[in-house]
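**Student:** One structure coming up, written as structure tokens, with questions to follow.
Readers should treat all values here as calculations from the given coordinates under stated rules, not as data from a laboratory. Please read these numbers as outputs of a predicted model, since none were measured by experiment. Virtual Cβ from ideal backbone geometry, glycine too; neighbours counted across all protein chains shown.
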Protein chains: 2
Amino acid sequence: MAKIEQVSPLAPERFPDLPAIKGASFSAVEAGVKYSGRKDVMLAVLQPGSVVAGVFTKSATRSAAVLDCQAKIDSDDPAGAAILVNAGNANAFTGSNGESSVRAVAQAVSACTRLPENRVFTSSTGVIGEPLPHDRITAKLDNLRDNLSETCMEDAAEAIRTTDTFAKGASKSVTIRGRTVKIAGIAKGSGMIAPNMATMLVYIFTDAKLSREELQTLVSDLNEVTFNAITVDSDTSTSDTLLVAATGASQVEVSSASEDFRTALHDVMRDLAHQVVRDGEGATKFVEVKVTGAASKSDARIHASAIANSPLVKTAIAGEDPNWGRVVVAIGKSGAAADRDLLSIRFGDVLVAQNGWVAPSYKEEDGAAYMKRQNIVVHVDLGLGNAEDTMWTCDLTHGYITINADYRS
Amino acid sequence: MAKIEQVSPLAPERFPDLPAIKGASFSAVEAGVKYSGRKDVMLAVLQPGSVVAGVFTKSATRSAAVLDCQAKIDSDDPAGAAILVNAGNANAFTGSNGESSVRAVAQAVSACTRLPENRVFTSSTGVIGEPLPHDRITAKLDNLRDNLSETCMEDAAEAIRTTDTFAKGASKSVTIRGRTVKIAGIAKGSGMIAPNMATMLVYIFTDAKLSREELQTLVSDLNEVTFNAITVDSDTSTSDTLLVAATGASQVEVSSASEDFRTALHDVMRDLAHQVVRDGEGATKFVEVKVTGAASKSDARIHASAIANSPLVKTAIAGEDPNWGRVVVAIGKSGAAADRDLLSIRFGDVLVAQNGWVAPSYKEEDGAAYMKRQNIVVHVDLGLGNAEDTMWTCDLTHGYITINADYRS
């Protein structure tokens with residue numbers, strides 16, 4: 001099994017200090033699902049009255065745990081909720097065996113926490129096609145329950161890592177009508193052990209008080225411009241899961257129309273999404289792709305996605321090559337509206353191309369100097385309309401090939 | 001400038017013996033457009049009465065030469081035709097300057113060959129964003145015209161290479177009503193010099209006699225299952241061009257309904273398409289992706305394309321890893337209809353997965369042994385319907401990153 005020991009050069013300096021979210025408690029334990037010598041299962045328990053919203057992979061081959069979460073996510077049962085996540089085994093593409101494992105874990109968590117089974121959400125990440133040894137998880141549930149604490153979120157972030165090179169967390173506090181609302185979340189993603197996929201799991205908690213429908217609306221909206229706006233290698237996991245829980249414990253009522261709360265939640269989601277990209281396999285550059293002047297919002301996304309997913313653009317950035325020709329190629333192939341002679345391309349503040357040709361002011365040495373930075377902005381203005389979109393990705397390096405090709409499962 | 005000297009391990013043993021196509025003559029010359037010490041411009045001249053069909057890149061940022069070909073391709077002018085191609089400069093994204101260069105070359109070819117300008121087709125491949133030094137081409141036209149010969153097709157194939165590691169040619173003869181019809185073609189593609197793109201150019205010639213409309217119908221149909229069914233890195237060039245010319249010199253009349261002729265043309269087109277993949281940047285494996293049991297033809301193509309373009313599948317193949325989990329992921333993300341529990345996956349004859357899980361008969365060592373081959377077949381049966389599709393690609397290796405990231409333009 002491949003282990004990539006090195007921490008991504010794009011990692012934050014350290015794990016952030018996450019505030020406790022009243023009404024949400026956490027614990028993590030070493031269950032030996034696959035790894036040894038590290039915690040690999042986390043449990044979160046949410047107080048009665050909490051609401052949970054979710055967004056899941058659109059993969060047609062999604063895992064049993066994802067299907068189970070989707071069946072439960074629309075419930076308004078006020079009993080509280082539990083989230084149990086294991087690393088090391090994705091329980092994906094494991095046939096009917098996969099569904100029985102999910103049920104076994106959910107029933108055991110329900111019995112142990114005295115929460116109804118339809119309020120137990122589970123996720124699994126790791127190797128696919130192998131049966132989940134769910135007994136190893138259920139054997140640790142009493143231990144997990146007995147160690148629940150509002151201050152253990154960092155442990156939980158550590159426990160859900162697979163080959164993530166760093167644990168991912170983010171938080172934001174916002175003052176609404178003179179009172180503080182807190183949001184804190186953890187994520188995993190973009191590390192890999194063959195034959196895994198880079199599953200992304202995200203769990204965010206807030207003590208704000210709002211209805212499940214309002215929370216779901218907010219989360220679905222913000223997901224489009226955060227987690228759905230990142231790409232490492234264009235491959236979508238069978239297990240991607242985002243759950244956001246609001247405990248209401250702050251007693252501060254908000255809605256999907258509360259600008260302050262929306263902004264704070266957006267900040268936390270974008271921060272975690274960026275951290276996933278910064279842990280992209282083999283990444284050495286963090287890349288923002290900004291498309292403006294598009295004929296429509298969906299055209300802007302199609303262009304941004306074509307650029308962010310282009311192996312030629314991503315290898316050029318890896319090689320610190322201000323190769324605007326490859327950006328032109330990506331725009332041309334995307335299928336969305338573009339006019340060769342109206343578009344302009346900037347690397348950061350350096351105007352590279354305009355009016356269908358290299359910009360008269362452009363000097364190759366300016367582009368080359370800019371590309372040496374660790375954070376790169378590729379900005380394309382299409383000159384057609386007012387719609388815009390932004391996506392984030394990383395470069396494509398020998399490290400990606402090493403992680404994904406050089407090791408046998 | 002990066003030069004990859006090594007010949008692809010997937011290259012044919014040698015350039016094939018191409019038959020002369022009566023009514024089509026060729027020459028090639030060293031014009032020094034960018035390269036020195038090699039031929040870099042080819043001219044083909046077709047006798048009066050020849051018809052020409054074409055398929056071009058769908059890129060919204062396509063080059064001036066492509067736009068010019070598209071404007072001329074529907075003409076039924078019986079005057080004959082010329083095709084002039086240069087390597088070293090793509091004349092793409094060169095603003096209005098690009099169009100004047102195309103016109104200058106076409107006018108000069110017209111004057112030199114006494115063919116009407118609307119029967120002169122040009123292509124350019126090489127660096128983008130730099131003005132085409134068209135005077136270097138026009139200065140050699142008399143030389144090109146004076147050396148035209150029906151036996152110079154291999155020279156032409158050499159002259160259109162950029163960083164192709166081998167020249168590409170294919171031919172087929174077919175007996176129709178007791179008389180022989182010949183088809184021969186050349187192609188370039190998949191080599192690269194930063195900041196180029198892997199432009200694909202294909203020129204096929206036949207002495208069959210058929211109308212332009214019939215030829216266009218045939219070429220458009222067959223293009224879907226040959227050149228449109230290959231992918232190296234999902235990036236589409238601004239200059240991709242396929243021209244097929246029929247001189248009629250055999251006096252054998254065929255139509256788009258002539259099975260023998262269709263099969264022969266299909267063979268030549270598929271052969272050249274495969275050669276382009278076999279020269280894919282960094283390729284060490286030739287991969288056929290076969291999707292059967294799909295609900296519709298378009299679903300089959302979407303699945304095949306998702307698998308053939310998946311960096312995770314392509315790196316697994318590079319690593320000789322029978323990683324069927326990544327095939328499941330690609331199917332899941334494609335967006336086309338799939339049922340996890342109905343699909344089966346085979347690597348060659350090795351049944352790997354079925355009924356939503358690893359096949360009971362599957363042994364990892366069988367899969368591992370198969371993946372050591374140079375030609376790999378990934379066969380997915382979706383179990384939903386009767387539609388099928390096949391695509392061809394290559395693996396994704398350190399060689400790809402080296403070619404595209406390790407060199408500065």
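**Student:** Provide the convex hull volume over Cα atoms per residue for region B:24-278, in Å³.
**Tutor:** It comes to 106 Å³ per residue, whole-number rounded.
**Student:** Sticking with this structure for a sec: For each pair in A:K58/A:K172; B:K34/B:K188; A:K140/A:K182; A:K290/A:K333; A:K58/B:K372; A:K172/A:K209, compute the distance between the two Cα atoms and list the pairs where it is over 22 Å.
**Tutor:** A:K58/A:K172; A:K140/A:K182; A:K58/B:K372
**Student:** In addition: Rounded to whole Å, give me the distance from the Cα center of region A:304-383 to that of region A:114-162.
**Tutor:** So the separation of the two Cα centres works out to 44 Å.
**Student:** Now, a different point. Search the structure for amide H atoms under 5 Å from the amide H of B:V352, placed 1.01 Å from N in the peptide plane, and list their residues when 5 or more places away or on another chain.
**Tutor:** Amide H neighbours of B:V352: B:I345, B:R346, B:F347.
**Student:** May I ask you to sort B:V252, B:V225 by Cβ crowding, counting other Cβ atoms within 10 Å and putting the fewest first? Don't jump to the answer; show the numbers that get you there.
**Tutor:** Details: B:V252 22, B:V225 16.
Exposure proxy ranking, most exposed first: B:V225, B:V252.
**Student:** With both bridge residues required to lie in region B:286-405, what share of the DSSP beta bridges run antiparallel, to the nearest 5%?
**Tutor:** 70
**Student:** Among DSSP beta bridges lying fully in region B:24-278, give the percent that are antiparallel, nearest 5.
**Tutor:** 70
**Student:** Could I ask something else about it? Based on Cβ point charges of +1 for Lys and Arg and -1 for Asp and Glu, what charge dipole magnitude is obtained for chain B about its Cα centre, in debye rounded to the nearest 20?
**Tutor:** Dipole size: approximately 400 debye.
**Student:** Moving to a separate point now. Give the order of A:T206, B:T180, A:T163 when sorted by the count of other beta carbons within 10 angstrom, beginning with the fewest.
**Tutor:** Placing the least packed residue first, the sequence is B:T180, A:T163, A:T206.
**Student:** Relative to the Cα centre, what is the charge dipole magnitude of the protein assembly as shown, using +1 at the beta carbon of each Lys and Arg, -1 at the beta carbon of each Asp and Glu, and rounding to the nearest 20 debye?
**Tutor:** 220
**Student:** Something else: For region B:342-358, in order, what is each residue's ³J(HN,Hα) by Karplus, 6.51 cos²θ - 1.76 cosθ + 1.60 with θ = phi - 60°, in whole Hz (x at glycine and Pro)?
**Tutor:** My calculation for region B:342-358 gives 10, 7, 10, 10, 10, 9, x, 8, 7, 6, 9, 9, 7, 6, x, 7, 4 Hz in order.
**Student:** Right, something else. Counting each DSSP H run of 4 or more residues in the protein assembly as shown as -39500 (n - 2.57), what helix-only mean residue ellipticity at 222 nm follows after dividing by all residues, to the nearest 500 deg cm²/dmol?
**Tutor:** Value at 222 nm, helices only, nearest 500: -9000 deg cm²/dmol.
**Student:** Find how much the distance from A:N375 to A:D74 grows on full extension, using 0.36 nm per residue of separation minus their present alpha carbon separation; answer in nm with one decimal.
**Tutor:** On the way: separation 301, 0.36 × 301 = 108.36 nm, distance 3.93 nm.
Length difference between fully extended and current span is 104.4 nm.
**Student:** Once you keep just the Cα pairs under 8 angstrom separated by 6 or more residues, what percentage relative contact order results for region A:293-356? Provide the component values of the computation, followed by the final result.
**Tutor:** On the way: 60 pairs, mean separation 17.5, N = 64.
Over region A:293-356, the number comes to 27 percent.
**Student:** Any chance you could list P(r) for the protein assembly as shown, counting all Cα-Cα pairs in 20 angstrom bins from zero, rounded to whole %?
**Tutor:** P(r) over the protein assembly as shown, rounded to whole percents: 16, 44, 29, 10, 1.
**Student:** Relative contact order of chain B: what whole-number percent is it, with Cα pairs under 8 angstrom and at least 6 residues apart?
**Tutor:** Across chain B, relative contact order equals 19 percent.
**Student:** Also: When Lys and Arg each count +1 and Asp and Glu each count -1, what net charge do the other residues less than 13 Å away from A:D267, Cβ to Cβ, add up to?
**Tutor:** Details: positive: A:K172, A:K182, A:R262, A:R270; negative: A:E259, A:D260, A:D271.
It works out to a net charge of +1.
**Student:** Name the residue farthest towards the positive end of the dipole of chain A from the options A:Q6, A:A71, A:V276, assuming +1 on Cβ of Lys and Arg, -1 on Cβ of Asp and Glu, about the Cα centre.
**Tutor:** Comparing the listed Cα positions along the dipole, A:A71 ranks first.
**Student:** Using only alpha carbon pairs under 8 Å that are at least six residues apart, calculate the relative contact order of region B:256-324 and give it in whole percent.
**Tutor:** RCO, region B:256-324: 19 percent.
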